[in-house]
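Asks: Sending over a structure as structure tokens; questions will come in a sec.
Each reported figure results from applying straightforward, stated rules to the coordinates on display, with no laboratory input. All values reported here derive from a predicted model rather than from experimental measurement. Here Cβ is always computed from backbone atoms with ideal geometry, including for glycine, and neighbour counts include all displayed protein chains.
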Ligand code: NAD
């Protein structure tokens with residue numbers, strides 16, 4: 001996993017889709033280079049009086065279909081290639097669910113776990129200031145990602161609003177708290193979208209959802225709510241891992257008891273209504289559904305060759321390596337790819353942006369119904385295209401995405 005290069009993997013998937021779709025070679029070349037990469041230094045006065053200098057980025061991969069859209073990540077191993085890959089995948093994700101955005105991503109290389117609230121706020125506000133020249137409701141609309149949340153988005157929105165003249169500018173950021181123009185149903189949006197894909201895949205494969213066994217890697221903002229949704233729909237969640245360990249119960253883990261344990265212990269490890277297992281052995285558990293909801297590159301060749309499930313639904317971004325994809329294909333394991341499976345989050349971000357710009361808040365039911373309709377439409381078109389081309393769902397999703405982006409590029413033409 002140390003050698004996993006997300007930008008190289010993204011280019012390989014783009015090249016494959018370009019070939020399958022017969023993409024115009026000029027447009028293909030255009031998509032192989034991010035439109036704009038901004039690298040910034042982020043000096044922060046720490047609580048002990050010293051100044052630490054962090055490195056941050058904001059990347060626009062493509063903005064032909066609309067403003068760049070993508071999260072902000074605070075992580076100690078973040079680098080420019082990873083941010084570029086995540087930005088490109090946002091271009092393809094927003095195209096697969098057909099929402100009027102391009103692809104962007106950003107973040108700061110730092111370990112937020114060691115910051116006080118004051119340090120985190122100063123880092124966020126300085127980073128927001130540094131990248132502000134390329135942000136705005138019509139240019140680039142950030143959202144939360146790994147280690148950022150509604151609080152960070154509120155600081156970002158406030159900093160931008162102050163810089164731009166003081167008035168509240170809710171359309172500048174999504175994933176905001178409800179009190180400053182956030183949307184209802186933001187919290188569980190990604191998990192709800194993943195659930196729609198799981199239900200649709202099970203229906204297509206004539207598999208029963210009720211009674212099926214599921215294994216989850218990650219019990220955070222996506223994996224946690226998803227475990228509830230699966231169990232309340234009648235699935236048995238038999239194995240869950242997180243950064244601290246893994247638990248197994250063939251009769252099904254109780255997600256609310258597990259969440260209570262995680263609240264107290266900070267990890268699923270040590271949960272007494274299940275048996276401890278090695279996190280790596282999770283992949284081998286015989287089951288119907290596997291959901292990676294944690295790390296990039298988590299399903300490698302080794303995990304793929306031992307995988308005990310029939311369907312993988314990628315809640316995480318880029319959890320499957322290129323080598324693993326080939327193994328899974330050979331083993332006839334169906335993979336619902338990240339750019340489709342976890343697109344519920346960005347879809348509800350789109351709804352939030354639309355509400356912020358309308359100045360009109362939608363009811364919870366409207367958000368949920370439109371999310372379900374959007375995910376079902378996207379799933380159906382990817383499944384049908386995969387069938388027509390005789391390729392994996394991932395390859396079909398990339399084909400649909402590059403076709404939509406290419407159509408927009410061709411329609412707008414090349415400036416000047
Ligand atoms: P999170 O930080 O809330 O949770 C991450 C989970 O992964 C935690 O349970 C953590 O313990 C676990 N984890 C970390 N390292 C691990 C390891 N080595 N082995 C096993 N588990 C490990 O993050 P999240 O928001 O739930 O995001 C998870 C994934 O989903 C990321 O890839 C993210 O990019 C993707 N994603 C999230 C959203 C969203 O709405 N939050 C939307 C789209 C995609």
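Asks: What is the fewest-to-most order of 19, 176 by other Cβ atoms lying within 10 Å of their Cβ?
Replies: Placing the least packed residue first, the sequence is 19, 176.
Asks: At a Förster distance of 56 Å, what's the computed FRET efficiency of residue 19 paired with residue 51, Cβ-Cβ distance as r, to 0.05? Walk me through the numbers on the way to the answer.
Replies: Values: r = 50 Å, r/R0 = 0.88.
It comes out at approximately 0.70.
Asks: Let me ask something else about it. Kirkwood Rh, Cα Rg: Rg to Rh for segment 35-180?
Replies: 0.96
Asks: While we're looking at this one, here's another question. Where in segment 115-145 is the amide nitrogen less than 11 Å from a point lying 7 Å along the Cα-to-Cβ axis of residue 162?
Replies: 122, 125-126, 129, by backbone N distance to the label point.
Asks: Report, to one decimal in Å, the Kirkwood hydrodynamic radius for segment 268-397 based on all distinct Cα pairs.
Replies: 16.6
Asks: Let me ask you something else. May I ask you to work out the translational diffusion coefficient for segment 280-342 at 20 °C, viscosity 1.002 mPa s, via Stokes-Einstein with Rh from the Kirkwood sum over Cα pairs, reported in whole µm²/s?
Replies: 193
Asks: What is the distance in Å between the Cα centres of segment 56-71 and segment 1-48?
Replies: The two parts, judged by their Cα centres, are 11 Å apart.
Asks: Determine the percent antiparallel among the DSSP beta bridges restricted to segment 35-180, to the nearest 5.
Replies: Within segment 35-180, antiparallel bridges account for around 60 percent of the total.
Asks: Just rank 81, 122, 36, fewest to most, by other beta-carbon atoms within 10 angstrom.
Replies: Ascending number of Cβ neighbours within 10 Å: 81, 36, 122.
Asks: Return the Cα extents of segment 1-57 along principal axes one, two and three, sorted largest first, each rounded to a whole Å.
Replies: The principal-axis extents, from largest down, are 58, 28, 11 Å.
Asks: Fewest Cβ neighbours within 10 Å first, please rank 23, 371 accordingly.
Replies: With the sparsest Cβ surroundings first, the list reads 23, 371.
Asks: Starting from the Cα of residue 138, step 7 Å along the direction of its Cβ; do the same at residue 387; then give the gap between the two resulting points in nm.
Replies: Taking the simple label geometry, residue 138 and residue 387 are separated by 4.2 nm.
Asks: Under the definition of Cα pairs under 8 Å and six or more residues apart, what whole-number percent is the relative contact order of the chain?
Replies: Once normalised by length, the contact order is 17 percent.
Asks: Using the alpha carbons of the chain, what is the convex hull volume per residue in cubic angstrom, as a whole number?
Replies: Details: hull volume 58.7 nm³, N = 416.
Spelled out: Cα convex hull of the chain, divided by residues, is 141 Å³.
Asks: So what's the projected area for segment 24-121, the Cα convex hull averaged over all directions, in nm²?
Replies: Working: hull surface 28.0 nm².
The orientation-averaged projected area of the Cα hull of segment 24-121 comes to 7.0 nm².
Asks: How long are the semi-axes of the ellipsoid equivalent to segment 123-240, from square roots of 5 times the Cα gyration tensor eigenvalues, in whole Å, largest first? Could you put the intermediate results ahead of the total?
Replies: Details: eigenvalues 282, 36, 27 Å².
Taking √(5λ) for each Cα gyration eigenvalue gives 38, 13, 12 Å.
Asks: Right, something else. Want the number for residue 273 to residue 306: 0.36 nm per residue separation, take away the alpha-carbon distance, what's left?
Replies: Here the segment from residue 273 to residue 306 would lengthen by 9.3 nm.
Asks: Then there's this: If you stretched the chain out fully between residue 373 and residue 40, how much longer would it get, using 0.36 nm times the residue separation minus the C-alpha to C-alpha distance?
Replies: Here the segment from residue 373 to residue 40 would lengthen by 115.9 nm.
Asks: Still on this model: Counting only DSSP beta bridges with both residues in segment 189-341, what percent are antiparallel, rounded to the nearest 5? Numbers along the way, then the final one.
Replies: Working: 7 of 22 bridges.
Given both bridge residues lie in segment 189-341, the antiparallel proportion sits at roughly 30 percent.
Asks: A further question follows. Determine which residues of segment 200-240 fall in the zone a paramagnetic label at residue 281 would reach in this model, i.e. backbone nitrogen under 20 Å from the point 7 Å along Cα→Cβ.
Replies: It comes to 213-219, 237-240, nothing else.
Asks: Something else now. Can you tell me the length gained on complete extension of the stretch residue 205 to residue 81, counting 0.36 nm per residue apart and subtracting the Cα distance?
Replies: Going from the current span to full extension adds 41.0 nm.
Asks: Okay, next question. Quick check on the chain: of the DSSP beta bridges with both residues there, what percent are antiparallel, nearest 5%?
Replies: Antiparallel: roughly 50 percent of the beta bridges in the chain.
Asks: How large is the Kirkwood hydrodynamic radius of segment 186-294, counting all unique pairs of alpha carbons, in Å?
Replies: 13.6
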